[in-house]
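Structure first, then comments.
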Amino acid sequence: MAGSKTLDDDLSSALKHLCRDRRLKQLLESVGRISLKPNPGPTPLYALAESITGQQLNGRAAAAIFERFLGLFDGKPTADEILGLEEATLRSVGLSSAKAAAMRDLAEKVKSGVVPDWKALRQMEDETIIRRLTQVRGIGRWTVEMMLIFALGRPDVWPVDDFAVRKAYGNLFGIQDPKAAEMTQRAEAWRPWRSVAARYLWRSLDVGGK
């Protein structure tokens, strides 16, 4: 099944395929080999709760709030436990009212089965996962794409709305403000390894310091 293959399954084949694009090959070679091993949280609820917490916050602030959030549940939040708390308790750790409401909606969606466990998610196609998880309040396509790439290790996700990917893409191809349509068209040739291209574009910003 297409959904079962991950980024680290055959990185050499991915790089060989992507190197057919001469400009992308230069970037891949300058960055060097990187690890693309998936890093899922304990549960999808945990991973999505962390994403909700981090929205519109810098990394340090988001991490501090999420740590306090986890402290309400001894580090292992469950849907029932979240729903058992008052909104004021959720807000006491630093969550906004909108994020507290999103946490409760996430818990409801876990209990109703809209958000399944990792085992079930690993058997689903990318777009199916996106359609299901974006039913959660506060979860958009970009958030699910990040889960697909980093938690589930899906090989062919192309996050054209990600600011850093767009910036690195523009740097690589000399485009001031690359549009989603142009990025999508060029990346057709990178299938089925567009996630690998995205990971290398992200890393190129670190390497290049831009």
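The values are calculated or read from the model by the stated rules, or taken from the named source; none is laboratory data. The structure presented is a predicted model; accordingly, all values stated were derived computationally and were not measured. Cβ atoms come from the backbone with ideal geometry, glycine included; neighbour counts cover every protein chain shown.
Selection within the stretch 175-210: residues that are surrounded by 20 or more Cβ atoms within 10 Å (Cβ to Cβ) and among the hydroxyl-bearing types (Ser, Thr, Tyr). The member of this set that is nearest to VAL157 (Cα to Cα) is SER195. Collect the residues in the stretch 46-71 that are more than 21 Å from GLY113 (Cβ to Cβ), among the aliphatic types (A, V, I, L, M), touching a helix residue (DSSP H, G or I) at 6+ places or on another chain (Cβ under 7 Å) and modelled with pLDDT of 95 or more, keeping them in residue-number order. Hit for the stretch 46-71 is ILE65, nothing else. Within the option set LEU95, LEU70, LEU18, LEU85, being under 26 Å from TRP158 (Cα atoms) and either surrounded by 12 or more Cβ atoms within 10 Å (Cβ to Cβ) or assigned by TED's automatic domain parsing to the domain that holds TRP190 (or both) holds for one residue only, LEU18. Each residue in the stretch 107-123 was checked for being under 18 Å from the mean Cα position of the chain (by Cα) and on the phi > 0 side of the Ramachandran plot, and 0 pass.
Restricting to the stretch 47-76, name every residue that is in a loop (DSSP other than H, G, I, E, B) and either under 20 Å from the mean Cα position of the chain (by Cα) or without any contact (Cβ under 8 Å) to a residue 12 or more places away in the chain (or both). Can you show your working first?
Applying the first criterion (in a loop (DSSP other than H, G, I, E, B)) to the stretch 47-76 yields 55-58, 72-76.
Correct list: GLN55, GLN56, LEU57, ASN58, PHE73, ASP74, GLY75.
Scanning the stretch 160-197 for residues that are under 19 Å from CYS19 (Cα atoms), part of a helix (DSSP H, G or I) and among the hydrophobic types (A, V, I, L, M, F, W, C) yields a total of 10.
Considering only residues that are at pLDDT 95 or above and either small (Gly, Ala, Ser) or loosely packed, with under 13 Cβ neighbours inside 10 Å (or both), which ones fall in the stretch 73-82? Steps first, answer last, please.
Filtering the stretch 73-82 down to residues at pLDDT 95 or above leaves 73, 77-82.
Matches in the stretch 73-82: ALA79, ASP80.
If you go through the stretch 148-159 and keep only what is out of contact with any helix residue (DSSP H, G or I) (no Cβ under 6 Å at 6 or more places or on another chain) and in a helix (DSSP H, G or I), you end up with just PHE150.
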